[in-house]
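Inspection log for the structure reproduced underneath, given as structure tokens.
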Amino acid sequence: MKTRIIFTITAALMFLNITISQQISVLSDPLFNNPEGIIYDEEANQYFVGNAEDGKLLIIDSLNNVSVFKENIGADMIMAFEIVGDSLLISTNYPRSLTCINKNSGDPIYQLNLNPIASSCSQTTYDERTGYLYIVDQYGAILKADVENACCHVFAGNNLPDGSQTIELDTIANRLILFSWPTSVITFININDSTDVTNGPNTNTKKYLCSTKDDDEYIYVSSWEGHKVMKMHIDSLDNAEIFCDESLYQPAGITYNPVEDEFAVCNNGNNTITFIMVSDTITNTETFANASINEIKIIYNPSSNKIKVIFDATPHKEYQVSIIDMMGRNLVNKTIDITAMGMNSTQLSTAGLQKGIYLVQLRTIDSIIGVEKIILK
């Protein structure tokens with residue numbers, strides 16, 4: 001019997017009137033058999049799920065009904081998916097292959113035999129700029145497939161860790177970001193020169209398996225160390241944080257649904273899918289009865305990387321203006337002496353901050369006066 005259990009987790013950040021809530025639901029169905037790969041198809045509003053045990057390709061529709069899309073795709077172990085147009089590209093083992101089918105009809109398009117060049121296929125990432133698909137070989141290599149012309153070769157095979165698992169694309173730095181099972185250190189591979197392999201930051205977590213990105217360039221990586229999903233921005237990978245460690249057991253494939261702002265995670269160890277819907281509740285401006293400031297206003301000028309903070313105040317106190325990220329970290333601080341400056345506005349620099357949602361907070365030494373949300377694009 002299919003079951004879906006829903007519960008909510010709320011985390012408070014600092015002393016602000018902000019909450020980030022995760023509404024978590026768990027889907028169970030007899031068709032799940034060591035689910036490993038998952039991807040959201042926005043056009044059809046459904047998820048494809050691949051079993052690593054029996055090779056079945058499943059669909060979860062918008063009503064959470066689970067059905068078999070294809071009993072057999074020509075391989076016994078489905079690892080990962082990419083959607084390119086109407087094509088569903090599938091990384092598999094037994095045999096090691098890249099299988100391409102029509103995502104709407106299920107009709108086969110091609111299947112590349114990767115046995116001669118791969119030892120154990122794992123996760124994938126697609127570069128829409130070039131039409132190349134990169135496939136991780138768990139024994140320390142990266143394959144590069146030309147999706148349109150149905151051919152594949154070894155792209156990188158030196159200085160990569162055994163136990164390589166999942167990969168993401170960094171288009172700004174033009175590199176691949178590789179996560180592995182035995183080490184918490186990220187590996188960078190230069191797309192223009194595959195021999196240029198360097199170590200990235202230490203994320204303090206091992207046993208990585210699968211990953212995805214959201215629309216704000218945050219990377220989410222599943223890990224069996226603590227049965228969790230880690231979150232980090234592509235431009236600050238050294239600031240890895242736990243995104244979720246509830247209702248997960250041996251988490252594997254993970255995908256992002258931008259329509260619902262929802263993540264779906266395959267629990268390989270107990271044959272379930274965890275859905276994590278993320279929402280934030282933020283009080284834009286909060287006024288306290290004992291405060292002398294009645295309102296704050298934010299003017300953001302992206303061309304100059306400046307935020308102008310305007311407020312009404314009785315000039316007899318010191319105030320602190322801060323920029324805080326959604327993890328609750330205080331990134332920029334400035335102290336204002338109203339008496340000395342004789343002004344009711346100040347400016348903060350946003351230089352060095354990544355795209356995303358931030359909070360501008362105004363406070364005295366003993367209380368928060370006001371909070372305003374800004375979005376840096």
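The values are calculated or read from the model by the stated rules, or taken from the named source; none is laboratory data. Source: prediction; values computed, not measured. Please note: Cβ atoms are built from the backbone with ideal geometry, for glycine as well, and neighbour counts cover all protein chains shown. Ligands, DNA and RNA are stripped out before the accessible areas are found, and what is left, the full protein with its side chains, is counted by its heavy atoms. Shrake-Rupley method; radii C 1.70, N 1.55, O 1.52, S 1.80 Å.
Quick one: which residue in Leu160, Leu209, Leu143 is buried (at least 19 other Cβ atoms within 10 Å of the Cβ) and assigned to a loop (DSSP other than H, G, I, E, B)?
Working: Leu209 fails: assigned to a loop (DSSP other than H, G, I, E, B); Leu143 fails: assigned to a loop (DSSP other than H, G, I, E, B).
Going through Leu160, Leu209, Leu143 in turn, the sole match is Leu160.
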Discussion item. Looking only at residues that are β-branched (Val, Ile, Thr) and out of contact with any Asp or Glu (no Cβ under 7 Å at 6 or more places or on another chain) in the range 85-101, which one is nearest to Val49 (Cα to Cα)?
Written reply: Ile90
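Every residue, every condition in (1) without any contact (Cβ under 8 Å) to a residue 24 or more places away in the chain; (2) in contact with a helix residue (DSSP H, G or I) (Cβ under 6 Å, 6 or more places away or on another chain); (3) more than 20 Å from Thr166 (Cα to Cα), yes or no:
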residue	(1), (2), (3)
Pro35	no, no, no
Phe48	no, no, no
Glu53	no, no, no
Asp61	yes, no, yes
Gly74	no, no, yes
Gly85	yes, no, yes
Leu88	no, no, no
Item to complete: Evaluate the following for Ala252: is it under 18 Å from the mean Cα position of the chain (by Cα), within 30 Å of Phe32 (Cβ to Cβ) and part of a strand (DSSP E or B)?
Response: yes
Response to the item:
Counting only residues that are open to solvent by 50 Å² or more (accessible area, probe 1.4 Å), among the hydroxyl-bearing types (Ser, Thr, Tyr) and in a strand (DSSP E or B), the range 174-206 contains a total of 1
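Restricting attention to the range 213-234, does a residue exist that is open to solvent by 70 Å² or more (accessible area, probe 1.4 Å) and either modelled with pLDDT of 95 or more or not in a loop (DSSP other than H, G, I, E, B) (or both)? I'd like the intermediate steps shown before the answer.
At the first step, the residues of the range 213-234 found to be open to solvent by 70 Å² or more (accessible area, probe 1.4 Å) are 215-216.
Applying the additional criterion that residues be either modelled with pLDDT of 95 or more or not in a loop (DSSP other than H, G, I, E, B) (or both) yields none.
Within the range 213-234, not a single residue is open to solvent by 70 Å² or more (accessible area, probe 1.4 Å) and either modelled with pLDDT of 95 or more or not in a loop (DSSP other than H, G, I, E, B) (or both).
Mind listing just one residue for me: the one in the range 76-90 that is small (Gly, Ala, Ser) and surrounded by fewer than 22 Cβ atoms within 10 Å (Cβ to Cβ) and, of those, farthest from Ser122 (Cα to Cα)? Working first, answer last.
Taking the range 76-90 and keeping what is small (Gly, Ala, Ser), we get 80, 85, 87.
Among the residues that remain, those that are also surrounded by fewer than 22 Cβ atoms within 10 Å (Cβ to Cβ) are: 85, 87.
Working: Gly85: 22, Ser87: 19 Å.
Across the range 76-90, the extreme among qualifying residues is Gly85.
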Practice prompt. Mind listing whichever residues of the range 26-67 are surrounded by fewer than 20 Cβ atoms within 10 Å (Cβ to Cβ), hydroxyl-bearing (Ser, Thr, Tyr) and modelled with pLDDT of 95 or more?
Written response: Ser28, Ser67
Discussion item. Take Asn93 and tell me if it is more than 29 Å from Asp215 (Cα to Cα) and either open to solvent by less than 20 Å² (accessible area, probe 1.4 Å) or basic (Lys, Arg) (or both).
Written reply: yes
Discussion item. Every residue in the range 242-262 that is exposed (fewer than 15 other Cβ atoms within 10 Å of the Cβ) and closer than 23 Å to Ile172 by Cβ, please.
Written reply: Pro258
Practice prompt. Evaluate the following for Ile18: is it in contact with an Asp or Glu (Cβ under 9 Å, 6 or more places away or on another chain), buried (at least 17 other Cβ atoms within 10 Å of the Cβ), among the hydrophobic types (A, V, I, L, M, F, W, C) and at pLDDT below 95?
Written response: yes
Discussion item. Cβ contacts < 9 Å: first residue free of Cβ contacts under 8 Å to residues at least 60 places away in the same chain, restricted to the range 163-177; second residue in a strand (DSSP E or B) and of a type in the set (Lys, Arg), any location; separation 6+ or different chain. Result?
Written reply: Leu169/Arg175; Leu169/Lys213
Response to the item:
When the range 335-377 is checked residue by residue, the ones that are among the β-branched types (Val, Ile, Thr), surrounded by 12 or more Cβ atoms within 10 Å (Cβ to Cβ) and either in a strand (DSSP E or B) or modelled with pLDDT of 80 or more (or both) are Ile336, Thr346, Thr350, Ile357, Val360, Ile368, Ile369, Val371, Ile374
Practice prompt. Can you run down the residue pairs with Cβ atoms below 7 Å, 6 or more apart or on separate chains, where the first is in the range 226-248 and on the phi > 0 side of the Ramachandran plot and the partner is of a type in the set (A, V, I, L, M, F, W, C) and part of a strand (DSSP E or B)?
Written response: Ser247/Ile24; Ser247/Val26
Worksheet item: If you check Asn330 against the conditions, is it in contact with a Pro (Cβ under 7 Å, 6 or more places away or on another chain) and either modelled with pLDDT of 95 or more or open to solvent by 20 Å² or more (accessible area, probe 1.4 Å) (or both)?
Response: no
